[in-house]
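Q: I'd like to ask you about the structure that follows.
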Amino acid sequence: MPTPSMEDYIELIHNLMESKGYARVSDIAESLMVHPSSVTKMVQKLDKDGYLNYEKYRGFILTTKGKKLGERLVYRHELLEEFLEIIGVDDDKIYEDVEGIEHHLSWNSIDRIGDLVQYFRGNDGRIDDLRSIMRANED
């Protein structure tokens, strides 16, 4: 089972590979605000655990296991952002809140939140009803 830190690396590597076609130690270090040596250590651990293939001085790629987890982590992140948007969290708070909670929810909870998001997205009137209730409760 990957740690929250491992998940952050896998999610970032997945996103970099999707957007740029590659992920470099320097890109990861800059994005996570850590030293390149810390990134190298984590990359070696992820290699040992089967999430990526790493060759010293040549780079790394996600394994099938790593890609699958990366996709699931990106889904979790995007789903939580959408959920917080639906329930009316201020846009400038959403990213930070997702970063704060995403590692602390079980996959069962994530699946249930997915069901709830799907329910609300299935009918925009439901979102309007929810927002009306929230406005009434603010008074």
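Each value in this text was obtained by applying a stated rule to the coordinates, not by laboratory testing. The shown structure was predicted, so the numbers you read here are calculated from the model rather than taken from an experiment. Cβ sites come from the backbone with ideal geometry, for glycine too, and all protein chains shown count toward neighbours.
Q: Note the per residue figure in Å³ for the convex hull of the C-alpha positions in region 48-119.
A: Residue-normalised Cα hull volume stands at 116 Å³.
Q: Here's something else I'd like to know. Could you work out how far apart the two model spin labels at Arg72 and Val34 are, taking each label as a point 7 Å from the Cα in the direction of the beta carbon, and quote it in nm?
A: With each label point 7 Å from Cα toward Cβ, the separation is 2.1 nm.
Q: Please pull out the direction-averaged projected area of region 27-86, using the convex hull of its alpha-carbon atoms, in nm² to one decimal place.
A: 4.8
Q: Quick one: compute the contact order of the chain, relative version, from alpha carbon pairs under 8 angstrom and 6+ residues apart, as a percent.
A: Relative contact order for the chain comes out at 18 percent.
Q: Find the eigenvalues of the gyration tensor of the Cα atoms of the chain, then list the square roots of 5 times those eigenvalues as equivalent ellipsoid semi-axes, largest first, in whole angstrom.
A: Three semi-axes, in Å: 35, 15, 12.
Q: Considering only the other residues whose Cβ falls under 13 Å of the Cβ of Val39, what net charge follows from Lys and Arg at +1 and Asp and Glu at -1?
A: -1
Q: Length gain on complete extension for the stretch Asn137 to Asp92, per 0.36 nm per residue less the alpha carbon to alpha carbon distance?
A: 14.0 nm
Q: Indicate the gyration tensor shape class of region 78-139 (rounded, prolate or oblate), computed on the Cα atoms with a ≥ b ≥ c the square roots of the eigenvalues: a/c under 1.5 is rounded; otherwise a/b larger than b/c is prolate and the rest oblate.
A: Oblate is the answer for region 78-139, as a/c is 1.5 or above yet b/c matches or exceeds a/b.
Q: Quickly rank 69-77, 128-136 as a protection proxy: mean count of other C-beta atoms within 10 Å, highest first.
A: Final packing ranking: 69-77, 128-136.
Q: Run down the lysines and flag those whose C-alpha is under 24 Å from the C-alpha of Lys68, throwing out any fewer than 8 positions away in its chain.
A: Filter leaves Lys20, Lys41, Lys45, Lys48, Lys56.
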